[in-house]
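Below is one structure; the comments refer to it alone.
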Amino acid sequence: MKVTRILVLVVALGAGLLAAVLMRGMVGQEQPTEAAAPVKMARMEEVLVARADINLGTRISSDQLGWQSWPETALNDRYIRKSQRPNAISKLTGAIAGAPFINGEPVNEGKLINSDRGFMSAILPKGMRAVAVEVRAANTAGGFILPNDRVDVLLTQKTDKPGRSGEAYSSRTIIENVRVLAIDQKLKEDKGAKSVVAKDTATLELTPRQSETIVRSAQLGTISLALRSIADSKPGETSEMDKQPARRGDVNVVKFGVSSKVTTGR
């Protein structure tokens, strides 16, 4: 019995030694783990950004501009880089914002206007005129017309034939698809305001011919503005009304595709 026990112990011990040798060999054959590749840091460049919200028509001060690190892979050719223009802040101070900027937005010099004249004359395209028209809130889409909206201009006047209830009036569209530059001397929508009520004047962007038309028409009756949908307000489109020739002293009116003239006096 004792001999049997000794044999079992010897076999168990031998099996354990064999297993240990095999494990050691397997571990020795394992390849060393490769070291993790170092993370590449993106190269940065200092670009000029707005340090605060800048509204349309604002003369930019030096404290509204600053330098900010920007990933080189995300740079745009229009961004102003400190490495190329280190004096850009002093050079652009006093320029007029031709478009709004938000805090942190890179400054695009194409949105700035360098002029010592007023903002309105600076933003007017070549050949266009800014004309102020007397209006009331009731005549401007309930006061919901804002700067940069596009509108039609309507003329309302008394007719020669009175109606059953007394005086009769007719309304005609005299100018189509023009841009509103300002409402009651406001060049932008007030922060947080949903609408701007027009009390006295609306300033419109017009051609010289349209300017004459609207000034003459204002002597005949009441001017109203009709707000156009964004989908129906493409800048630069020529309306059928503007394609029709008109004599000085006449207002061209197109209604349902039919052209007619309203005499305004010479």
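Where a number appears in this text, it was derived from the coordinates with a stated rule and is not lab data. Keep in mind that what you see is a predicted model, and the values were worked out from it rather than measured. Cβ atoms come from the backbone with ideal geometry, glycine included; neighbour counts cover every protein chain shown.
Classify the range 44-120 from the C-alpha gyration tensor, please: rounded if a/c falls under 1.5, else prolate or oblate depending on whether a/b exceeds b/c.
Details: a/c = 2.02, a/b = 1.77, b/c = 1.14.
It is prolate, given that a/c is not under 1.5 and a/b is the larger ratio.
Once both labels are positioned 7 Å from their Cα atoms along Cα-to-Cβ, the gap between THR4 and SER69 label points is 8.0 nm. Note on ALA218 and ASN55: with the Förster distance fixed at 41 Å, the Cβ-Cβ geometry gives a FRET efficiency of about 0.85. For ALA50, the residues 5 or more places off, or on other chains, whose built amide H falls under 5 Å of its own are GLY104, GLU105, VAL107. In this simple spin-label approximation, MET41 and ASP160 carry label points 7 Å from Cα along the Cα→Cβ vector, and these lie 8.6 nm apart.
Between ALA168 and THR201, the simple label model (points 7 Å from Cα in the Cβ direction) yields a spacing of 3.6 nm. Fully extending the segment from LEU227 to ILE102 would add 42.3 nm, taking 0.36 nm per residue of separation and subtracting the current Cα-Cα distance.
Please tell me the relative contact order of the range 44-120 in percent, rounded to the nearest whole number, where contacts are Cα pairs under 8 Å and at least six residues apart. If you can, show how the numbers build up before the last one.
Working: 146 pairs, mean separation 31.7, N = 77.
Across the range 44-120, relative contact order equals 41 percent.
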